[in-house]
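To keep things clear, I will list the structure first and then write my remarks on it.
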Amino acid sequence: MSAKSPGPNDHFLDVYRRKFRAWRGTRPFWAGLLTILGGVPIAYLPYGNIKLGNLTLALATTAGAGSLIIGVLLMVLGLTMWFQVHTRVFAGVAAILLALVSLVVSNIGGFVVGFLLALIGGALGVSWGEGETVPAKGRTEKEPAAAGGPHGVGGAGVTDDLSGTSPVDGTNGRHRAG
């Protein structure tokens, strides 16, 4: 048994880290995270107070409920990008639109920080694509066969096989009907 073999001797944090890395690779993780982080300042700032020494600065606006709704929706859209990967385009477009609306409704989009985070997260959600599978080491992809007669163009034994099968008699897996 080698020192790097997985098994009961692995530290549980290494196991969880590998599982999280595999989970993160199958979904738009950074898009969801940025969208969630963009919703936090948009939802919090209209209800929070900033203390500067003895001076308390209240950022409350008349649109506080609208800011809270936009912020919570952005957080939900970020979670949607993580757990419902097939809806990532809808969630990304909705996040972009909500980020644009937050400029007007919520203290300039959470002092532009929440706006930028949500905008970038939505754009990443829309543009994310499923990764391509890499063939196992040592294996090569089959090259498409040349078209032509039963033995290919040059007659060198290459069949006109477009289905991935290569029967010996050159019928390409089709039966003759009459």
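The distance between label points at Phe12 and Glu132 comes to 4.0 nm (points 7 Å beyond Cα on the Cα→Cβ vector). The listed residues Trp82, Trp23 rank as Trp23, Trp82 when sorted by accessible area, largest first, using a 1.4 Å probe.
Solvent-accessible surface of the range 28-74, taken per residue with a 1.4 Å probe and all protein chains present: 54 Å². Taking 0.36 nm per residue of sequence separation and subtracting the Cα-Cα distance, how much length would be gained by fully extending the chain between Ala22 and Val112, in nm to one decimal? Taking Ala22 through Val112 to full extension adds about 29.1 nm, to one decimal.
Accessible area per residue (1.4 Å probe, heavy atoms of protein chains only) ranks His11, His86 as His86, His11, with the largest value leading. Relative contact order, whole percent, for the range 33-105 stands at 34, derived from Cα pairs under 8 Å and 6 or more residues apart. A simple spin-label model places the labels of Tyr44 and Leu57 1.6 nm from each other, with each point 7 Å out along Cα-to-Cβ. Pairs of Cα atoms in the range 17-77 fall into 10 Å distance bins, from 0 up to the last occupied one, in shares of 22, 33, 25, 15, 6 percent.
The values are calculated or read from the model by the stated rules, or taken from the named source; none is laboratory data. Computed from a prediction, not measured in an experiment: that's the story for all the values here. All Cβ positions, glycine included, derive from the backbone under ideal geometry; neighbour counts span all protein chains shown. The area values use the complete protein model at the heavy-atom level, side chains included, leaving out ligands, DNA and RNA. Shrake-Rupley method; radii C 1.70, N 1.55, O 1.52, S 1.80 Å.
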